[in-house]
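Everything on this sheet refers to the single structure shown next.
The values are calculated or read from the model by the stated rules, or taken from the named source; none is laboratory data. Quick caveat, the model's predicted, so the values are computed rather than measured. Cβ: placed from backbone, ideal geometry, glycine included. Neighbour counts: every protein chain shown.
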Amino acid sequence: MTTRLQPGDLAPDFSLPDDTGSTVTLSELRGTKVIVYFYPAAMTPGCTKQACDFSDSIDRLQSEGYTVLGISPDKPEKLARFRDRDGLTITLLSDPDKEVLTAWGAFGEKKLYGKIVEGVIRSTFVVDEQGAIEVAQYNVKATGHVAKLRRDLGLDAA
């Protein structure tokens, strides 16, 4: 069973390549609020919907001090195609070894079409300015999730 993070836990640090080849390190973002979300695969319908929803909300989220990081097992080259194809304005990170996914409890057993499989568990976290988990949501739905998260964070819907 995968260990799940809880509010109050220290967010596991990571350094991952983004879709441009630069490295993003979570601990370097201390002092800001960070939304970290994990999704199964770039350019699939649900993941595209979720990434587009985050991109559509990025101005509002940034105005409230949030940085958004989307993490999947996809390689940076595929993430760059995803960004370009869909006009995404959020930062996409690559975790092909699934080490960060596992550390955050976002990789493991899940139900898919009634069967137990191992894979990415669509999850979203809010990390506070001190690096602690403020919100931990597992098994989120791709559609409508960003609007719900904005409501949960007290941000008015745009």
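Data overview
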item	result
Count of the range 85-124 residues which are under 19 Å from Gly144 (Cα atoms), buried (at least 21 other Cβ atoms within 10 Å of the Cβ) and of a type in the set (Ser, Thr, Tyr)	2
Residues located in the range 12-61, provided they are polar (S, T, N, Q), surrounded by 14 or more Cβ atoms within 10 Å (Cβ to Cβ) and in contact (Cβ under 8 Å) with a residue 60 or more places away in the chain	Gln50, Ser57
Close pairs (8 angstrom Cβ cut-off, 6 or more residues apart or separate chains): within 13 Å of Gly8 (Cα to Cα) in the range 127-142, exposed (fewer than 15 other Cβ atoms within 10 Å of the Cβ) and of a type in the set (Ser, Thr, Tyr) anywhere	Glu129/Thr32; Gly131/Ser27
Filter pass, Ile133 being over 18 Å from Ala42 (Cβ atoms), part of a strand (DSSP E or B) and of a type outside the set (D, E, K, R)	yes
Residue within the range 8-24 that is at pLDDT 95 or above, of a type in the set (Gly, Ala, Ser), assigned to a strand (DSSP E or B) and over 23 Å from Arg150 (Cβ atoms) present	yes
Failed item, numbered, when Pro7 is tested on (1) under 14 Å from Trp104 (Cβ atoms); (2) surrounded by fewer than 18 Cβ atoms within 10 Å (Cβ to Cβ); (3) touching a helix residue (DSSP H, G or I) at 6+ places or on another chain (Cβ under 9 Å)	(3)
Any hit, the range 47-70, residues being outside any helix (DSSP H, G or I), among the β-branched types (Val, Ile, Thr) and closer than 21 Å to Thr32 by Cβ	yes
Criterion violated by Glu64 - all others in (1) touching a strand residue (DSSP E or B) at 6+ places or on another chain (Cβ under 8 Å); (2) touching a residue at least 24 places away in the same chain (Cβ under 8 Å); (3) of a type in the set (D, E, K, R); (4) closer than 18 Å to Gln137 by Cα satisfied	(4)
